[in-house]
Amino acid sequence: MKNMQTSILKILGVVMLLAGVFHTHAQTSTELLQKADSLFIKKQFTQSFDIYQRIHKGGQFSPAMFLKMAFIQEGLNKPSLALYYLNLYYLASGDEQTRVKMEELATKNRLYGYEYTQLEQARELLTHYKPYATTGIAAVVILIMAIAVYQTRKGNRPVGAVVFALVGLVLLGLLVNFTAQPRSAIITGSNTFVMNGPSAGASVVGLLAEGNKVQIKNKEDVWLKVYWIDQYVYVRQSQVLEVVL
C-alpha cells in the first residue's frame, strides 16, 4: 500500500512539473508576442520581427503576427520573405483578400507560381464543403451496403448495390485526394540552380530567381523534386522555404 502511494505521488509530481513547464512556455510566448506587438506599434520593425521569428521558430504563431512579419519584409524590400509570410497568413486565416495581395506583389516583382487557377478554386470550394460531402457519401455507401446485405439474406444477388457502393467509395477516395493541399515552397536563394536530377553533378536546367513559388513533389536526400513550368526539376532544400504552418 505504501509503495502504491509513493508511486502515485511520483506520477502526480511529474504531471505537475510538466503542467508547470507548459504553462511557463505559454506565458513566455504570450509575453514575447506582447513585447513584439509593442515594438511594432512603435515602428521598431527590425526588433519586433526578430521576436516574431523567435516565436515562430518555437512552434507558436498567430495570423496577425504573420501579417505583420509580411508587412515588415515588404518594407525592407524583401518580396520573397513578404510572400512567404503572406502565404502563412493565408493558411492560418483563410482571408481571400490575401490572394489578391500576393498576386499583386508577385506581379510587381515579376515572380511566378502565385496564379490563382480554376483548379485551385475548385479544390478550395470542395475543401470547404468536404466535411458535408464526405459525410453524405459515406452515409449513402453504408445504406447501400445494408441493402446489399438484406438482399443477400433473401437469396438475391445484390450486384447493383455492390456497384453503387464501389462507386461511392471511389468518389470518397477522389474527394480526399483532390482536396489535399499540394506542398509548395518559395525560393529564397539568389539565382537558385535548377537541375534535371537530384545531384550536384546533374545538368543545370536553368536559374530560379528569389521569390518564385514551386510545387513540391517529393524529397530526395538534400534535394526537392518540384514542378516548374510544365516539368519536374530539382532544387536544393536549403534554397527554399516550405509553405507550411
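Computed on segment 190-235, with alpha-carbon pairs under 8 angstrom and 6+ residues apart, the relative contact order is 37 percent. Applying a threshold of 31 Å to the alpha-carbon distances of 57/101; 130/225; 108/217; 43/101; 78/130 flags 78/130 as lying beyond it.
Work out the charge dipole of segment 177-234 with +1 on the Cβ of Lys and Arg and -1 on the Cβ of Asp and Glu about the Cα centre, then indicate which of 186, 233, 204 is farthest towards its positive end. Going by the charge dipole, the pick is 186.
Checking every one of the GluC sites (Glu not before Pro) in segment 22-107 against DSSP loop status and a limit of 10 other Cβ atoms within 10 Å picks out 96. As a size descriptor, the averaged projected area of the C-alpha convex hull of segment 184-242 was calculated at 3.3 nm².
Just so you know, all these numbers are worked out from the coordinates, no wet-lab data involved. The structure displayed is predicted, hence computed values, not measured ones. For neighbour counting, all protein chains shown are included, and Cβ atoms are generated from backbone atoms with ideal geometry for every residue, glycine included.
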